[in-house]
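The values are calculated or read from the model by the stated rules, or taken from the named source; none is laboratory data. The shown structure was predicted, so the numbers you read here are calculated from the model rather than taken from an experiment. Cβ coordinates were reconstructed from backbone atoms using ideal geometry, including for glycine residues, and neighbour counts include every protein chain displayed. Please note that ligands, DNA and RNA were not included when accessible areas were found on the heavy atoms of the full protein model with its side chains. Shrake-Rupley method; radii C 1.70, N 1.55, O 1.52, S 1.80 Å.
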Amino acid sequence: MASVPKETVLDALIVGAGFGGVYQLKHLRDAGYKVKLVDFASDYAGVWYWNRYPGARVDSAVPLYQFSDPDLWNEWNWSQRFPGSQELRDYFTFVADKWDLRKDTEFKVYISKATWDDETATWTIESGGGKIYRAKYFLLNTGFAAKRYTPDWKGIDKFPASAWVHPSYWPKEEPDLTGKRVAVIGTGSTGIQLAQELSQVASQFVLFQRTPNMALPMKQVNYTKPLTKEKYPKVFDGRYESFGGFDFSFLFLPRGTFDDTPAEREMVYEGLWSQGDFQFWLATYSDTLFQEAANKEAYNFWKKKVRARIHDPRLQEILAPETQPYSFGCKRISLENGFYEIFNQPNVSLVDVNATPIVEVTERGIKTTEKEWEFDYVVCATGFDAITGGLMNINIQGQGGQKIAEKWKSGAKTYLGMATAGFPNMFFTYGPQAPTALCNGPTCAEAQGSFILKVMDHMKERKLQKVEAGNTAEAAWGDDVRKFANMSLLPSTKSWYMGDNIPGKPRECLIYLGGVPNYYKSLKECSEGDYTGFTFT
Ligand code: N01
């Protein structure tokens, strides 16, 4: 075993300086553990460090999109209900100062390899730059979007590299796109936010769409004075009772779509719609995501609202088709702010890549089966090898040299969406088989981070060396994940939730769809039941 400098021998190495990693650094250190937080970025904020493209903003509203620590929220005041990415980075700077995180954080460290040694019950963790850490616990908070995805189009290297960008690598020196011919490929949350912004400055703006996004209106609010905060403790406590880890207003209605008359239903939909957040998706009739007919009702309401905003009937049909293209809410819904109106502008075109597929990238732009489009700048908002990509990208070798990429080749296997058998003393957050992308980020970070800390304390008290997910518990958790997925309409739809966006990726539901309350209950039962499902040595 390679010798390691004393300062890099740790109780825990935490990877990833977003909500998950920052929470763990603070709380593990407070509990007396020797820990270090590392990140490839140059500063805190995780996904918000990288996502600085024009219009980037969170679509989970504050106050819940922040840590629940009153020492923080008492002092911090947001300027908007849905803060932009710069404000989110400012928030992380504030947290880092307040929690005194910098002395235990190293930036520009890319973790490329981790090897478990059973004899010493430690992980040896290596960075691309040759740094070596040794830690009892290896805690991965790499997030769900750590591995970017760009399709392998013919000729992709022909277009000038300086004018072709994946939005999560947005140049720090802002490109001036005023008066330029600009393309955005992709209509996920990123593509929609970019389209709203870039269509206002470009001389010619073209959006390439493969699947319509059933986007909902975002009701942005500018806060001119600090919000009243006395209800915050209750609001934060209530997070674990809502399906998506939001507040009490985000509970599914206690009745099905057809329990109401059409007139009542219209009123309910209007009420949810007017909230300007995810309530039309995650606080609607309890059968919307589970029953086809109910789902269709929601789609029809959405379609009516959206089509009314687009002038050209051809574009109405591409953006909000008459025939429902997939189950409403089973692909990530975005919040938009004037997105549909951009298609009424003379400088904006929409290319339906199903009708006219992209054939190749050229020196000048993008060639479809219809024509060659010429651009000065192309933004490739084609997403991520979501949820598992970031973890499987690291050469992680567990018991007997088994590689995680090998173990998960035909599908992710976890216990509680946080640990995997054969990889002792390793935990991950916001990963596969947890509520992850269907849960408010900070809610997940705190629930999972405090569970990990409890396991570590349990081991410390009993002088244990090793904790590992058991095979039986792992298999049962996988069954549970599949059971919930199959109760819903999610598997009926192609999406990154199901691994569909990456060629060759196994098709499986990567998200635990039992909702945050059930997930939280499982964590509680596990910790209160002496960590059933884990084996200790
Ligand atoms: O990525 P995506 P994203 N040819 O995978 C299209 C979070 N987020 O970066 O739908 C043509 O959603 C692809 O088409 P299709 C949020 O959780 C949050 O936008 O697969 N098109 C799709 O339209 C989000 O869900 C915030 O048919 C191709 C797009 O590219 C997640 O990050 C902001 C293609 C990719 O969309 C990822 O969002 C931003 C091809 N070959 C992101 N391949 C907020 O909080 C892919 N596409 C607001």
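Tabulated values for the structure
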read-out: Order by protection proxy (mean Cβ within 10 Å, highest first), peptides 233-239, 108-114, 54-60; value: 54-60, 108-114, 233-239
read-out: Residue-span extension gain [Glu363 to Asn395] - 0.36 nm each, minus C-alpha spacing; value: 7.9 nm
read-out: Pairwise label distance in nanometres, Gln80 with Asn471, each label 7 Å out on the Cα-Cβ vector; value: 5.2 nm
read-out: Listed peptides 204-211, 222-229 by packing density, highest first (mean Cβ within 10 Å); value: 204-211, 222-229
read-out: Highest-first arrangement of 335-341, 186-192, where packing means the average Cβ count within 10 Å; value: 186-192, 335-341
read-out: Built amide H within the under 5 Å cut-off of Ser349, gap 5+; value: Phe205, Val206, Leu207
read-out: Residue-wise HN-Hα coupling along region 427-434, computed from phi with Karplus coefficients 6.51, -1.76, 1.60 (Hz; x: Gly, Pro); value: 10, 9, 10, 6, x, x, 6, 10
read-out: Of the DSSP H helices in the chain, those whose Cα atoms cover at least 18 Å axially and whose Kyte score averages 1.0 or more; value: none
read-out: Portion, in percent, of the accessible area of region 222-310 that falls on carbon or sulfur, probe 1.4 Å; value: 56 percent
read-out: Hydrodynamic radius by Kirkwood, which averages 1/r over all alpha carbon pairs of the chain, in angstrom; value: 24.3 Å
read-out: Solution diffusion estimate, µm²/s, Stokes-Einstein, region 2-59, Kirkwood Rh from C-alpha pairs, 10 °C, viscosity 1.306 mPa s; value: 123 µm²/s
read-out: Accessible surface of region 1-141, 1.4 Å probe, proportion on carbon and sulfur as whole %; value: 48 percent
read-out: Rounded to the nearest 20 debye, dipole of region 222-310 from Cβ charges on Lys, Arg, Asp, Glu; value: 480 debye
read-out: Distance from region 379-434 to region 62-136 (C-alpha centre basis), Å; value: 19 Å
read-out: Accessible area in square angstrom per residue, region 412-493, 1.4 angstrom probe; value: 30 Å²
read-out: Ranking by accessible area, most exposed first, for Asp30, Asp43 with a 1.4 Å probe; value: Asp30, Asp43
read-out: Förster radius 41 Å - calculated FRET efficiency between Asp90 and Glu406, Cβ distance, rounded to 0.05; value: 0.50
read-out: Relative contact order (%) - criterion: Cα under 8 Å, at least six apart; region: the chain; value: 19 percent
read-out: Anisotropy class of region 222-310 from Cα gyration tensor, a/c 1.5 cut; value: oblate
